[in-house]
Amino acid sequence: MATIAAETEDDKEGARGRTFRLSPSAISYLQATPLIAILGFFFLLPIAMIAVVSFWDYDFAGLYPDFLTMNYTDTLGSWVTWKTYLNTLKFTAIVWGLTLVIGFWVAYFLAFHIRKTSTQMILFLVCTVPFMTSNIIRMISWIPVLGRNGLVNSTLIQMGIIPQPLEWLLYSDFAVVLAMVHLYTLFMVTPIFNTLMRIDRSLFEAARDAGASGWQVLWNVVIPLAKPGMAIGTIFVVTLVMADFSTVQVMSGGQSASVALMMKNQMSLLQYPAAAANAVVLLAVVLLMVAAILRVVDIRKEL
């Protein structure tokens, strides 16, 4: 009996000594729980609500919970909608191309032609100074520059280059693209600059030792290694341009349209289900574009 009692006491002591341990995967899930909760409440839940409302019925008096595909058939079956989407994609393609070229060369200059790190940081901060003001203010500041009696037209007339003011400088697609490039170029500069700063400089010396010229180093070494930064900048610019309505409305003078502006007009008319259907379609288009970018370039090494 004494032996059995002693063994029992030993088992109790061993049980007290053992601690409950979670598996590494369970610990990872627990650590990610706050982020999942925040994303679920502030991101996934609003998107789900928009998707639900897109199937509702509505009239001038209010919204009626239902399950109708009318909003999608009206959206996808209208030639006006397709024309608006094409116009938005046109703005996206032009702005993306210009911001990519400008952003790459600005980042290339900061990364490889400025030797001191302190000078690089100062010049990079100079690029961010305009972001200390509102997008609306920076956009409207182009009006006195591009207007009929603005700085550009006045200068060109005084120099005798043109006999009368150019009408297409303001309230046109040109003005929309110019304002968007001004607003969104930094979103291309930042990720490309970050990528270029990570490139091992010994690769350039090896390429030059192998007989490569400056352009060959740029084309075969710099650009391939900068593709992840270009892809991240492309995602930023594409999503921002596709969702922009204020720039199109102000800089085109109401003469051009975009999907986001169409949704804004629908919401102003209290056509929330129709706007929600357009939002779901726009989200699907943007996600397809982002998925195509991620299929071409692997950006995980930059994250």
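The criterion of being under 18 Å from the mean Cα position of the chain (by Cα) and surrounded by 14 or more Cβ atoms within 10 Å (Cβ to Cβ) holds for Ile102.
For the stretch 27-76, residues that are out of contact with any strand residue (DSSP E or B) (no Cβ under 8 Å at 6 or more places or on another chain) and assigned to a helix (DSSP H, G or I) total 32.
Being at pLDDT below 85 and surrounded by 13 or more Cβ atoms within 10 Å (Cβ to Cβ) is the filter here; which residues of the stretch 194-206 pass it? Correct list: Phe204 only.
I need the full set of residues from the stretch 166-181 which are of a type outside the set (D, E, K, R) and surrounded by fewer than 18 Cβ atoms within 10 Å (Cβ to Cβ), in order please. Scanning the stretch 166-181 gives Leu166, Trp168, Phe174. Among the residues making up the stretch 240-284, those that are of a type in the set (Val, Ile, Thr) and within 27 Å of Tyr171 (Cβ to Cβ) are Val241, Thr247, Val248, Val250, Val259.
Among residues of the stretch 121-137 that are over 19 Å from Phe109 (Cα atoms), those with a Cβ under 7 angstrom from a residue that is polar (S, T, N, Q), sequence gap 6+ or separate chain, pair up as Ile136/Ser246.
Of the residues making up the stretch 69-114, those that are over 21 Å from Thr195 (Cα atoms), hydrophobic (A, V, I, L, M, F, W, C) and without any contact (Cβ under 8 Å) to a residue 24 or more places away in the chain are Met70, Trp79, Val80, Trp82, Leu86, Leu89, Ala93. Listed by position, the helices (runs of 4 or more DSSP H) inside the stretch 101-207 whose residues that are farther than 18 Å from Val237 by Cβ number at least 3 are 117-128, 135-140, 143-146, 151-158.
Rundown of residues vs (1) part of a helix (DSSP H, G or I); (2) under 18 Å from Lys90 (Cβ atoms), yes/no style:
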residue	(1), (2)
Gly254	no, yes
Ala257	no, yes
Met262	yes, yes
Ala274	yes, no
Val281	yes, yes
Ala284	yes, no
Met289	yes, yes
Leu294	yes, no
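The set of residues in the stretch 210-231 that are closer than 16 Å to Asp298 by Cα and either among the charged types (D, E, K, R) or assigned to a loop (DSSP other than H, G, I, E, B) (or both) contains only Lys227.
Name the residue, out of Leu151, Leu125, Leu146, that is among the hydrophobic types (A, V, I, L, M, F, W, C), surrounded by 13 or more Cβ atoms within 10 Å (Cβ to Cβ) and at pLDDT below 90. Steps first, please.
Details: Leu151 fails: surrounded by 13 or more Cβ atoms within 10 Å (Cβ to Cβ); Leu125 fails: surrounded by 13 or more Cβ atoms within 10 Å (Cβ to Cβ).
Residue meeting the stated conditions: Leu146.
Only one entry of Ile102, Ile50 meets the criterion of being within 30 Å of Pro191 (Cβ to Cβ), β-branched (Val, Ile, Thr), out of contact with any Ser or Thr (no Cβ under 6 Å at 6 or more places or on another chain) and modelled with pLDDT of 90 or more, and that entry is Ile50. The condition (being farther than 21 Å from Val95 by Cβ and aliphatic (A, V, I, L, M)) is satisfied by just one residue among Ala207, Ala179: Ala207. Evaluating Leu110 against the criteria (1) closer than 17 Å to Leu178 by Cα; (2) surrounded by 15 or more Cβ atoms within 10 Å (Cβ to Cβ) leaves one unmet condition, (1). Restricting attention to the stretch 77-93, does a residue exist that is within 30 Å of Ala275 (Cβ to Cβ), outside any helix (DSSP H, G or I) and among the polar types (S, T, N, Q)? Checked the stretch 77-93: at least one residue is within 30 Å of Ala275 (Cβ to Cβ), outside any helix (DSSP H, G or I) and among the polar types (S, T, N, Q).
For the stretch 64-93, the set of residues classified as within 18 Å of the chain's Cα centre (by Cα) and either surrounded by fewer than 17 Cβ atoms within 10 Å (Cβ to Cβ) or aromatic (Phe, Trp, Tyr) (or both) consists of Tyr85, Lys90, Phe91, Ala93, listed by residue number.
The values are calculated or read from the model by the stated rules, or taken from the named source; none is laboratory data. The shown structure was predicted, so the numbers you read here are calculated from the model rather than taken from an experiment. We place every Cβ from the backbone using ideal geometry, glycine too, and count neighbours over all the protein chains shown.
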